[in-house]
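Here the structure is laid out as structure tokens; the discussion comes afterwards.
The values are calculated or read from the model by the stated rules, or taken from the named source; none is laboratory data. Only a predicted model underlies this, so the values are computations on that prediction, with no experimental measurement involved. Glycine gets a Cβ as well: all are built from the backbone with ideal geometry, and neighbour counts include every protein chain shown. The area values use the complete protein model at the heavy-atom level, side chains included, leaving out ligands, DNA and RNA. Shrake-Rupley method; radii C 1.70, N 1.55, O 1.52, S 1.80 Å.
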Amino acid sequence: MESLLTSTGFVALAEMGDKPQLLAFILAARFKKPVPIILGILAATLVNHGLAGALGAWITTAIEPSVLRWILAASFLGMAIWTLIPDAIEEEETAIAQRLGVFGTTLVTFFLAEMGDKTQVATIAMAAHYADALMVVAGTTLGMLIADVPAVFVGDRFAARIPMKWVHRIAAGIFAALGVATALGAGASWLG
């Protein structure tokens, strides 16, 4: 249960002001059809984070636990730094799949926006850390929905009221704490 709750919280915070959330604002403003947008976000996240979770689970079998601990610690510390760098959305990403309809456009653009994104990298790291990829993927998917579904419904009006600088700082602090805790041996029993 810890892996589910932790991954949900981390991703929900990390997603605030991130590229996929900005994409949710843009798609909602463009199409004004929340249900297919939300279903597209869900499907894209499940596929993307499912692959990331599988990679994280594989890493735990391929890398010696003592080495994995340091890799994970560095990954979490890197995530802390990366979280402090705000994302910008590129217009081309919203125009990639115009012929696929609202669901298809959302699915394709969200999947592509998540490739190499900090929440995907966090999913890999947390799946390796907790050695429970299914619960991590469920948590990161839930975290994405917690951050992105409100963006679909309330758009830019709500985003302007959220102090993104503080949200990013809090998320960075949590990732840094997890990195330090991992380096100090927290979760070592999960790593083997």
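Label point 7 Å out from residue 61 along Cα-to-Cβ: which residues of the stretch 106-131 have amide N under 18 Å? Only 124-131 pass the distance filter. Taking all protein chains together, 41, 174, 59, 71 sort by accessible area into 71, 174, 59, 41, largest first [probe 1.4 Å]. Ordered by 1.4 Å accessible area with all protein chains kept, 1, 135, 115, 144 run largest first as 1, 115, 135, 144. Accessible surface ranking for 118, 19, 1.4 angstrom probe, highest first: 19, 118.
The simple spin-label model puts a point 7 Å past each Cα toward its Cβ; for residue 165 and residue 71 those points are separated by 3.8 nm.
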